[in-house]
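Reading through the structure tokens given below for one structure.
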Amino acid sequence: MGALICHTALQKMTSLPAKGWNSQWFVPTGEQQQVLQSPATALIISALAGTGKTTTLCMKACNLLASVGPGARILVLAYSRAGVTALRDRMLKLHGAVPASLEILTMEQLCERVLKEQGDPVVKLDDPVRRRFLILQAQQALRQELARSPGGASDDLLGQDVDIDAFLAFEALAKKKLLDTQCEGAGGDLRAFCEEWDLDYGLYRLLRHYERMRVGMNHEPQFYADGDCSFELCRQLDLLDWDQPCEWLQGRYGAVLFDELHDLDEGALTILRKLVQSHNGVFVGAGDFNQHIHEGSFSVFGGALQHIRASLPEDTEVLRINTTRRFGAEICAALNPLLGVEFASVPQSSDAFQHVTYDTDAHCAQQLVELHAQIVNGWGALHGDKSQHSALNVVLRNPQDSILLEWVFGHEGVHYGCQGMGAFYLRREVALALCLMWSLQDNPVGRPLTPGILGAAIQGLLHYGRRATRHDTVNPDVLAQGQFDDAGWTGGPGTSESLQLGATLHGDVAQMRRYIVHGTLDRSAPPLADACAQVLALAPDLCADAGALCRHPLVRRIFEEAPINGKERQACLASLEQLSGLAQGMPVGEFLGRLTLVATSSLEMHQRKEPVTLRLMSVEACKGREFTFVAVPFVERGRFPGSASHQEAYRERNMLYVALTRARTALWLLESAERPVTPGPV
């Protein structure tokens, strides 16, 4: 963030010039100058969106480079990989290069480096297919253990196969929040702890067994998945007293800076506290505490800033930056009362805000089509060269909200892209429903489903139909010894195998039917009895109405009985409802033909390298970024922001904050006339 100024204007500045960064190109605001001139040894920058917190942090780093002396290193941490990329980009603009004495890392990368320096072998596990297979092995091993002592058996552990996605989410949350440490502090009774904290006891018990197999009896981890390096270093730090420095972090750096403080979790804060305690010079952290949207991070509702300060020196200074360079006075005036914040704009900024209401989802979609046409056909020319080739960026709270929009945009010939979410017809729950429709027809006509849709449908069969378990390929004796059986994991199909099979079945509906009914192309295999197979026994005359077929109880049962968590189940059923709305009253053949035309047309535009003029993106995908034109549709009570518990309500508010603070030139807020959110505050 910064404004281009002439050299004579620089000479008029009354504040002292900063050291080490090219001030000819960046003029700090008065708030930023306070940060740059602060002599505090521990400082937190609490900044709103677009106020240049990352730039300010990098300018401070440049100043510190000039003051810490030769040979000293400065550590700049970010919570995410995207944050590291942003820091490097900003340093290039400010300094012309990333100095060798400046290390820019994520917390996980720092922890991996420390573990390696200790002499620990760090074997990374990045293959999601193998990871899922090992989780199922851990459940199988736990079942064997429980079977040997049936008195302690539990239905939630011995029942259906674990929901892998739910396990991965629970594992990340447990490690970020250091739940084991909290459980031990509460007395160590796992079941009582789960009841008190409203945690899934079965998932927690399985996580402990999985961890026991991952690290072994002597605590020598066989592998590290994402987040495990931070978790391991936290375990080691937990053995130290609160104020005891860590040998491996002692005096490594002349200064430590941290971007994205708002995303901190308990584990990352534990490591950050030890860094600060271990004589690493000045600490400066920056964050926008309105952008806490990740589970496991601190909630601003719970006092994130105060919680962080409690882990830092008592004299830690807090400075605030409210002046945004991203957008101007008009957007500031709209967002301040809605979000309860205090944005201020720089005088030379210009922008536009428009509040639009809609009656139905279809009405909202049509308004977006019209906005897109305005931007493509003239808005850019009215706002200068910087806007001429910009796309309309549409930020969505829920992925299923894109289904209607993609259908409408596709039929309007709009070349759209998706970020943070796949095209709706490539999502496994939608692809599975489409594939069942295609296979149920007597004589499919027209274009067949694309290989990509069939590949996603096969993944849907494995995920929702309980067809992925292969206990017969795993040696139970190896599991009984508390070890993973690495020999058999390649037997299960992964993403690439599913895509290859989709290409093989392309256009061959008879083979697709066989695969759905038997779970394999082997002609000697017995038929299956799950809901997916039973759908193909329905009368073909149901294909007269594709919308009604989507609502059929047997199709819904696939997801109602799938080994998935309630949140995913609700999302799958919502996707089915959206799909049925598109296809209502339309024969299956016609619906699939129109959908395949949308998919192939989009692919052809991509192959011709036509510019994307509209992007659909999730809130998570747009976080930390900015765009010329932004539209936020489907803003209504209970939808965006969504219904949430008292503890999660502020997170929903922050989702809306992130979505509404991405625009530079123009922002459109599309709000339900029936269930409005405004006037604020949210």
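The values are calculated or read from the model by the stated rules, or taken from the named source; none is laboratory data. Since we're looking at a predicted model, the values are computed, not measured. Here Cβ is always computed from backbone atoms with ideal geometry, including for glycine, and neighbour counts include all displayed protein chains.
Numbers for the structure displayed
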item	result
Phe231 vs. criteria under 32 Å from the mean Cα position of the chain (by Cα) and in a helix (DSSP H, G or I)	yes
Selected residue (criterion: surrounded by the fewest Cβ atoms within 10 Å (Cβ to Cβ)) from residues of segment 220-260 that are under 25 Å from Ala72 (Cα atoms) and without any contact (Cβ under 8 Å) to a residue 40 or more places away in the chain	Asp243
Test: Cys111 is free of Cβ contacts under 8 Å to residues at least 12 places away in the same chain, crowded, with 17+ Cβ neighbours inside 10 Å and over 23 Å from Gly465 (Cα atoms)	no
Helices (runs of 4 or more DSSP H) lying entirely in segment 97-213 (those with 2 or more residues that are modelled with pLDDT under 90 and over 30 Å from Tyr253 (Cα atoms))	128-148, 155-158, 164-176
Val509 being touching a Ser or Thr at 6+ places or on another chain (Cβ under 9 Å) and over 20 Å from His463 (Cα atoms)	yes
Residue list for segment 200-213, filter: free of Cβ contacts under 8 Å to residues at least 60 places away in the same chain and buried (at least 17 other Cβ atoms within 10 Å of the Cβ)	Gly202, Leu203, Tyr204, Leu207, Glu211
Yes/no for Thr85 being modelled with pLDDT of 80 or more, of a type in the set (Ser, Thr, Tyr), surrounded by fewer than 18 Cβ atoms within 10 Å (Cβ to Cβ) and out of contact with any Ser or Thr (no Cβ under 7 Å at 6 or more places or on another chain)	yes
Residue list for segment 307-349, filter: polar (S, T, N, Q) and within 17 Å of Ala286 (Cβ to Cβ)	Ser311, Thr316, Asn322, Thr323, Thr324
Odd one out for Val598, checked against (1) touching a Ser or Thr at 6+ places or on another chain (Cβ under 8 Å); (2) of a type in the set (A, V, I, L, M, F, W, C); (3) closer than 24 Å to Gln419 by Cα	(1)
Filter result for Leu656 (out of contact with any Phe, Trp or Tyr (no Cβ under 7 Å at 6 or more places or on another chain), of a type in the set (A, V, I, L, M, F, W, C) and touching a residue at least 40 places away in the same chain (Cβ under 8 Å))	no
Search result, residues across segment 591-609 that are surrounded by 15 or more Cβ atoms within 10 Å (Cβ to Cβ) and either in contact with a helix residue (DSSP H, G or I) (Cβ under 6 Å, 6 or more places away or on another chain) or not small (Gly, Ala, Ser) (or both)	Phe591, Leu592, Arg594, Leu595, Thr596, Val598, Ala599, Met605
All positions within segment 573-609 that are at positive phi and either under 28 Å from the mean Cα position of the chain (by Cα) or part of a helix (DSSP H, G or I) (or both)	Lys609
Given (1) without any contact (Cβ under 8 Å) to a residue 24 or more places away in the chain; (2) assigned to a loop (DSSP other than H, G, I, E, B); (3) under 24 Å from the mean Cα position of the chain (by Cα), number of the condition Val612 does not satisfy	(1)
Positions within segment 523-537 being of a type outside the set (Val, Ile, Thr) and either surrounded by 13 or more Cβ atoms within 10 Å (Cβ to Cβ) or within 21 Å of His463 (Cβ to Cβ) (or both), in sequence order	Ala525, Pro527, Leu528, Ala529, Asp530, Ala531, Cys532, Ala533, Gln534, Leu536
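Per-residue answers, yes or no, for (1) buried (at least 21 other Cβ atoms within 10 Å of the Cβ); (2) hydrophobic (A, V, I, L, M, F, W, C); (3) at pLDDT 95 or above:
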| position | (1), (2), (3) |
| --- | --- |
| His292 | yes, no, no |
| Ser297 | yes, no, no |
| Pro313 | no, no, no |
| Leu319 | no, yes, yes |
| Ile331 | yes, yes, yes |
| Gln366 | no, no, yes |
| Val369 | no, yes, yes |
| Asn377 | no, no, no |
| His383 | no, no, no |
